[in-house]
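Student: Before I ask anything, let me first share the structure, which is written out below as structure tokens.
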Amino acid sequence: MEHYNMNLTLKVWRQKNKNDQGRFETLQAKDISSEMSFLEMFDVVNEELINEGKDPIAFDHDCREGICGMCSMHINGRAHGPWDGTTTCQLHMRAFKNGDTITVEPWRAGAFPVIKDLTVDRSAFDRIIEAGGYVSVNTGNAQDANCIPVDKHKADLAFAAAACIGCGACVAACKNSSAMLFVSAKVSQLALLPQGDPERKTRALNMVAQMDKEGFGSCTNTGACEAECPKEISLTNIARLNREFISAGMTTEK
Amino acid sequence: MLNAKIPAGPLNTKWEDYKGHCKLVNPANKRNLEIIVVGTGLAGASAAASLGELGYKVKAFCFQDSPRRAHSIAAQGGINAAKNYQNDGDSVYRLFYDTVKGGDYRAREANVHRLAEVSGNIIDQCVAQGVPFAREYGGLLSNRSFGGTQVQRTFYAAGQTGQQLLLGAYSALERQVALGNVTMYSRHEMLDIVKIDGKARGIIARNLITGQLERHFGHAVLICSGGYGNVFFLSTNAMGSNATAAWKATQNGAYFANPCFTQIHPTCIPVSGDHQSKLTLMSESLRNDGRIWVPKKQNDTRKASDIPEEERDYYLERRYPAFGNLVPRDVASRAAKERCDAGYGVGTSKQAVFLDFAAAIERYGNIEANKRQMHGVSKEEIIKLGKEVVAEKYGNLFDMYAKITGENPYETPMRIYPAVHYTMGGLWVDYELQTTVPGLYSLGEANFSDHGANRLGASALMQGLADGYFVIPYTIGNYLADEIRTKAIPTDHPAFAAAESKVRDTLTKLMSIKGSKSVDHFHKKLGKIMWDKCGMARNEQGLKEAIQEIQALRAEFWKDVRIPGDINEFNPELEKAGRVADFLELGELMCMDALNRRESCGGHFREESQTEDGEAQRDDANFSYVAAWEYKGPSDYVLHKEDLVFEEVKPTQRSYK
């Protein structure tokens, strides 16, 4: 792999706190190696800002290997940037070339208020899980694991849905700020498995109700969420959620 | 001499016997007892959920924006359990034995046996929660092998086992939050323990969004905050992984055990430059199928594909024929370092070896062709089929490798090198997971208890969940049963006020330095000292130098660090500064411990103590003990020893040949 260095212009969203109105700030990133990750480029820029006595750019990040779901930058109009199926932390600078201007914004959604700069509050996702994203089984209740055989195909589909990292890119990508892909991934995982069956109806109804309460928008099937999801969670999960929700609504006795 | 409170009786009945006799707390009293859980990884989330289910009032804290993001999420390969579903000779005893041996006979037998006993329950519990483990076509669970064992006892969910297990524990935790049994404090960092009359009674936490300090009371406090690998700056840990909670416990009287026992993982993506912020693991599960090699010729600059078979040195298979590529991590790491130091390394830095899947791709391709009854298939077709199988097993890891390096591991071998991954040392705990401070417990990687001097692959997830789901719910009752008359202590108690003002003073002091160097500057310097002198190989002179260098660096940090922003706002640089301040003390203690332990064992390799063929040489006569350090002040520690008694396993020179 050929390596190269580049100079870039960054237009970064700066916002001191949730009450501040916020604005774009233009910064220069010099001598950036194509081998750096996107966040390592931000490390370099921040080190420079600190040395100049300025406030570094606040951004969320943790594992830097694409699995914790903490990083959350909207880069050149795309959630997590130009590479498909990739989180911001796994995006590498060889995606850019010398002289590029890169625009970086936080997730934009009413249900994800900005905390500072590129950091947003995603606690709404936790509250949706609280509404039913689990199997009610206390520790110690379980029978032997192999007493519950699961069709491999269904197990694989459940795993693919469960791969969601809860980053919120689906919401950020959606023009309606809908959280349907996130909610459908959890509902699908548990609807596909026998363990999730007893609470199947209430789960779909309650999680959707909580999603609405948090102020996420409606789904209009544009598919932007699937296109931007770093874990490539399938849109078919939304179809499954709709089936689950409708059938629960028609058949539940409560 | 430390008393680990190990129950009497034969090894295989100790836990059963303990459970039969420990004190219980009735449901009405549980409602009045408050427990603080610091950290929400596998250990913390499973403990908080299980204790909430029992009816205790639980408060859980994490510094991330959601408990689902704790670094357990990044564990890749799998979780061990002595289920013997494969009928290949596994048993509780075998798992126990492999773990004690893998740890190079520096773990406590009773704890490890208990771990093996509950391992099966963990799998049951996780499956019941809906954790989507890999399955066979018959619908039953699939297993694979990990290093240091000869059976298939590892359960997995592709290369995302930690994620799936953590999301299981997280969902159980969120269920208890919804039920009101657990209160969750995300974006909060514990900055001190509050002790009243010698017992842990609460914590001081900083709200990371507002910067406000908060006082929280608890009848007991659980430290589940993970390991301290980030002392090295570069490690496979998350950027935020830190030792602050464990270190505050240490400063408050909890002994810190075996700090020098760090695990350097053999298969990580090599460092690419000075900008590097972290290192990425390539799961040990890859060694099921990948073959590790270097060229037979020194300084060979040819591409891997241009080096013919007979000019390749599969050095692990050569040196360890019985275990081959699946030797334990410490052994594999040292072997890679040995080859690179001798001039056989590959890649531009020469600090890398090849992990090659060509043979596995061909083997799987042939199997697949057979399965589909395809005859006379071309080599290309075989390779194509084989790649599909490998993609199903390790696809996410291969993708990650390709994104980071820009190379395609299906076509060309991966380049890998060892990196800091896990810390076996941690807070000293007794059999009940209680530290030397009454009411203060430690679970998961944050404690020292089960892995000795080297952890086997797929055992960290097992230990975290064992501690949280199946150990602490019993052992904490034994303590809290005597606390039912203790009313919740109001947080205007002088001890809370004193602890809060101490924390405030430290933060103010950090902010007032207004020096010239960033926090990362100091962290990187510390990391380099640690990696060079307290890394894969250690010697007396290097360690003595490291101690002095760290002391000097610490003094410089407190004179010259620059932290922008304010205390009372969201300030990630201030968070980092507090953590690095603690690493600067802990790093020194790691070197002191490494200096004290004049033997090699597991991941701790003292160059002065090796066999003729370069293997770690233990000194059981002098060092068969746990080194537990009591904090008296910076650079001032008192060593306490817990003798390790082996009733069941006879320590021998570990051999994987």
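Student: Rounded to the nearest 500, what is chain B's calculated 222 nm mean residue ellipticity when only DSSP H runs of at least 4 contribute -39500 (n - 2.57) each, over all residues?
Tutor: -12000 deg cm²/dmol
Student: Taking 35 Å as R0, compute the FRET efficiency from the Cβ-Cβ separation of B:Ser501 and A:Asn7 and round it to 0.05.
Tutor: 0.15
Student: Give the span of segment B:537-657's Cα atoms along each principal axis, as three whole-Å numbers ordered largest to smallest.
Tutor: Over segment B:537-657, Cα extents along the principal axes are 57, 29, 29 Å.
Student: Can you work out ³J(HN,Hα) from phi for every residue in segment A:239-244, in order, using Karplus 6.51 cos²θ - 1.76 cosθ + 1.60 and θ = phi - 60°, giving whole Hz and x for Gly and Pro?
Tutor: Couplings: 4, 5, 4, 4, 4, 4 Hz.
Student: Straight-line reach from B:Lys514: which lysines fall under 18 Å, measuring Cα to Cα and dropping same-chain residues less than 8 apart?
Tutor: Straight-line reach from B:Lys514, under 18 Å: A:Lys54, B:Lys559, B:Lys576.
Student: Now for a separate question. Quick one: what does P(r) look like for the protein assembly as shown with 20 Å bins over all Cα pairs, in whole %?
Tutor: 15, 50, 33, 2, 0
Student: Given points 7 Å out from each Cα along the Cα-Cβ axis, report the B:Thr652 to A:Arg108 separation in nanometres with one decimal.
Tutor: With each label point 7 Å from Cα toward Cβ, the separation is 6.9 nm.
Student: What FRET efficiency comes out for the pair B:Lys379/B:Asp532, r = Cβ-Cβ distance, R0 = 56 Å, nearest 0.05?
Tutor: 0.75
Student: A further question on this structure: Place a point 7 Å from Cα of B:Asn366 in the direction of its Cβ. Which residues in segment B:272-290 have their backbone N less than 19 Å from it?
Tutor: Counting backbone N atoms under 19 Å from the label point, the list is B:288-290.
Student: Pop a pseudo-label 7 angstrom from the Cα along the beta-carbon direction at both B:Ala402 and B:Glu338 and give the gap in nm to one decimal.
Tutor: About 3.5 nm separates the two model spin labels.
Student: Below 28 Å, Cα to Cα, which lysines can B:Lys384 reach? Residues fewer than 8 away in the same chain don't count.
Tutor: Excluding near neighbours in sequence, the set is A:Lys152, A:Lys154, A:Lys231, B:Lys303, B:Lys371, B:Lys393, B:Lys403.
Student: For the modelled label position 7 Å from the Cα of B:Gln541 along Cα-to-Cβ, which residues of segment B:587-613 have backbone nitrogen atoms closer than 14 Å?
Tutor: In segment B:587-613, the label zone of B:Gln541 (backbone N under 14 Å from the point 7 Å along Cα→Cβ) covers B:607-608.
Student: Just need the relative contact order of segment A:1-100 here, percent rounded to a whole number, with Cα pairs under 8 Å and 6+ apart.
Tutor: Once divided by the residue count of segment A:1-100, the mean separation gives 29 percent.
Student: B:Lys23: which aspartates and glutamates have alpha carbons under 16 Å from its alpha carbon, excluding same-chain residues fewer than 8 sequence positions away?
Tutor: Straight-distance partners of B:Lys23: B:Glu432, B:Asp482, B:Glu483.
Student: Taking a temperature of 10 °C and a viscosity of 1.306 mPa s, what whole-number D in µm²/s does Stokes-Einstein yield for chain A with Rh from Kirkwood over alpha carbon pairs?
Tutor: For these conditions, the coefficient is 81 µm²/s.
Student: Moving on to the next point. Going by alpha carbons, how many degrees (0 to 90, nearest 10) lie between the helix axis of A:152-162 and the longest principal axis of chain A?
Tutor: 50 degrees
Student: Something else: Which angle from 0 to 90°, rounded to the nearest 10, does the C-alpha axis of helix B:572-596 make with the longest principal axis of chain B?
Tutor: The angle comes out near 70 degrees.
Student: For an R0 of 41 angstrom, estimate the FRET efficiency from the Cβ-Cβ distance between A:Ala209 and A:Glu232 and round to the nearest 0.05.
Tutor: 0.90
Student: For chain A, take the longest principal axis of its alpha carbons; what is the angle in degrees between that and the long axis of helix A:200-213, to the nearest 10 within 0 to 90?
Tutor: Long axis of A:200-213 versus the principal axis of chain A: about 40 degrees.
Student: Further, regarding this structure: Pop out the ³J(HN,Hα) list for segment B:446-459 in order, Karplus 6.51 cos²θ - 1.76 cosθ + 1.60 with θ = phi - 60°, rounded to Hz; leave Gly and Pro as x.
Tutor: 5, 9, 9, 6, 10, 10, x, 9, 6, 8, 7, x, 6, 9
Student: With bins 10 Å wide starting at 0, give me the P(r) of segment B:1-148 over every alpha carbon pair, in whole percents.
Tutor: 9, 27, 36, 24, 4, 0
Student: Please give me the summed charge of the neighbours of B:Gly602: other residues whose Cβ is under 14 Å from its Cβ, Lys and Arg +1, Asp and Glu -1.
Tutor: Within the 14 Å Cβ shell, the charges total +1.
Student: Using only Cα atoms, what Kirkwood radius does segment B:76-135 have, in angstroms?
Tutor: Evaluated on segment B:76-135, it is 12.5 Å.
Values in this text are rule-based calculations from the coordinates and carry no lab data. No experiment lies behind these values; they were computed from the predicted model shown. We place every Cβ from the backbone using ideal geometry, glycine too, and count neighbours over all the protein chains shown.
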